[in-house]
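First up is the structure itself, then whatever we jot down about it.
The values are calculated or read from the model by the stated rules, or taken from the named source; none is laboratory data. Computed from a predicted structure; not experimentally measured. Here the Cβ positions follow ideal geometry from the backbone for every residue, glycine too, while neighbour counts run over all protein chains shown. What goes into the accessible areas is simple: the full protein's heavy atoms, side chains included, and nothing from ligands, DNA or RNA. Shrake-Rupley method; radii C 1.70, N 1.55, O 1.52, S 1.80 Å.
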Amino acid sequence: MYEDELAPEIAALLSATAESLPSTKKNDLEINVDDIEEVETPVPQVSEKKQMASGGVPEVDLSVRQFKPITEFFSTTPSNVFDDKNYYKSALGGENESAQRLHSLLTKYLTSQDPKDRAVYRQQMVNIYWEFLRSLAPKMGNLGIATSKKMLMRFGVVLPSLFTTEQKDTFASVFVDNLHNEPVFYLDEWFREIAAGRLTLSATDEARPARKNSGNPAEENARIMQLKSKNSGKLQNAENLLSSKESQRAMLEAELKSRVEQLCTHEAIIGLGNHKAPYSESQKRLFSEITERLRSLSKVDKELNAHLAEVKEAKSISDSLDAKSASTPTNIEISKSDIYTELDTVRQMAKMTVGRQGNHFPIFTREYYHCTPRGTGFRENVIDTMAWIESIDPNVFCRLHKNVQNRIVPYVILLPTYGDTGFCWEPFDRYNRITSRGRIAIPMYPKDLKIALLTAVADLRWQVAKEKASYYWMEEGLTGQYYQWLVAQKLKGDVKDYFINDYVLWMTKESDGVQRLDKEVRGIFWRHMPFSQELKDKLKTRSLVYQELYQRDINRSMSDGY
């Protein structure tokens, strides 16, 4: 069996590691944490462009309409971090007593021959591992942190010997930095941005106590960042609306010029020398059209002035906040208590990806890893899958504000768990509902990465629609119509769970013309979560069911209430 084959190998490796330490206690496998000197791993030199990509949070850009295609999923120059003989010592060294407890328990787990004992050690491993991460998480913001510690937090790799050769080659070929400028973060990167204050803490059910303005630079910087985030949403939305009105004005002016030119064109009267013909009947009809265009221009100009005032106001506030931000110290790290709070939140996320009956073992091991390289939740695979989802459901990441669709990709947290379900932690920042990013969590080692992402995106869609409908979520919009259908069917259970399951069918089956949904649900989804026009054109030729839905779209577009 796997355990019997692995135990001697691990025992030898751990024993060799223990023997290399200055002193040991109780047995040859126990670490004396106080005597371990952390092995410094050289930090590779990267270009300025890569440094910008690997550190920092991508800002929301409303002008971007789609993901850039991923051309390379794995690096052609693999890292040698997992070949380092000191990886285990470097990863656990320099931490508190939790590292010693983790080492001791891991040794017992891997060398135990009794299945019952292994089950007990396996259960105990969960709490001890997360206790160890409490020591590790605050250090993610340090520039000189050992690469082995980052890989431990990123992939859950404590011992490289738990890889197969193929798995080690795959993980060594994963791109370390974020080269795509998308808000997709590994766990070590997430805590690096949290520690640096570039990301706010994830929302929790417990309200945090309000703090008085104590003059603490970290708190002041956090308050300014919060205000900047809120104002940034207003500024971007106002600029977006202003650009829209400018385009509308340009279109109306072009139409007006065309009609005035037609009005001012007169044919010469044959036989009367230089005299020109009077207005023709078609030219007389232009009078009312020109008047209508002038009225429209007047209305657009009034709206344009209002949006321009909003832009100026938001710009003024932005300049003021930038000035305040410049006067505060840079690179302020938040308190450890806040990082511990975020770690507790992330642990809850990890539990939710796995579920109550799932495998909560926190350490990477080939015993539980059964993914293909392209089916693992690496950043490039996740972005590519999100692009696939958006190609079918174009408005999946869009949020409507003042009849303008703003495309806002959520933050994606990649969790090294053996779960199968992704989910939405929060649909948007409570201080900026216009242009703030939501947060979704994705397990890195699922049975099906596509399904894990679809469940997360479905959850995001449901929560955004529910927040939009507010108190009337059971009556209006997507959530209202779906809830009314569920009640009519007399189905019991969580409405959102039914919706998520139906959304997965919508994206995987119905998009291929395979009818799996109830007729009414299909109509609701077609109306509120439409496929791309190209896909609609294809589906209408596949079945009368889709042809009928397509015709409804045409009828609605011709009506005033569309």
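Applying both filters, DSSP loop and at most 10 other Cβ atoms within 10 Å, to the trypsin sites (Lys or Arg not before Pro) of segment 471-534 gives Lys490, Lys492.
Taking 30 Å as the limit for the C-alpha separation, the pairs Lys234/Lys536; Lys284/Lys402; Lys450/Lys492; Lys230/Lys450 exceed it in the case of Lys234/Lys536; Lys284/Lys402; Lys230/Lys450.
Dividing the mean sequence gap of close Cα pairs (under 8 Å, 6+ apart) by how many residues segment 104-210 holds gives a relative contact order of 27 percent.
Put simply, when 462-470, 152-160 are sorted by average Cβ atoms within 10 angstrom per residue, most first, you get 152-160, 462-470.
The distance between label points at Phe73 and Gln489 comes to 3.4 nm (points 7 Å beyond Cα on the Cα→Cβ vector).
Can you send over the carbon and sulfur percentage of the accessible area for segment 343-452, probe radius 1.4 Å, protein chains only? Heavy-atom surface of segment 343-452 belonging to carbon and sulfur, 1.4 Å probe: 48 percent.
A DSSP coil position with no more than 15 other Cβ atoms inside 10 Å describes the following GluC sites (Glu not before Pro) in segment 223-300: Glu267.
Close amide H pairs (under 5 Å, H built 1.01 Å from N) link His401 with Asn406, residues at least 5 positions away or on another chain.
Using the beta-carbon distance between Asn127 and Ser543 and R0 = 56 Å, what value does 1/(1 + (r/R0)^6) give for FRET efficiency, to the nearest 0.05? Using R0 = 56 Å, I get an efficiency of 0.60.
Listed by chain and number, the lysines whose alpha-carbon sits under 17 Å from that of Lys108, ignoring those within fewer than 8 places in the same chain, are Lys25, Lys26, Lys116. Placing unit charges on the Cβ atoms of the charged side chains and taking the dipole of segment 300-447 about its Cα centre, the candidate lying farthest along the positive direction among Asn432, Thr341, Asn359 is Asn359.
Here the peptides 100-108, 295-303 are ranked by packing, the mean other Cβ count within 10 Å, and the order with the highest first is 100-108, 295-303. Descending by average beta-carbon neighbour count within 10 Å, the peptides 395-405, 428-438 line up as 428-438, 395-405, the highest first.
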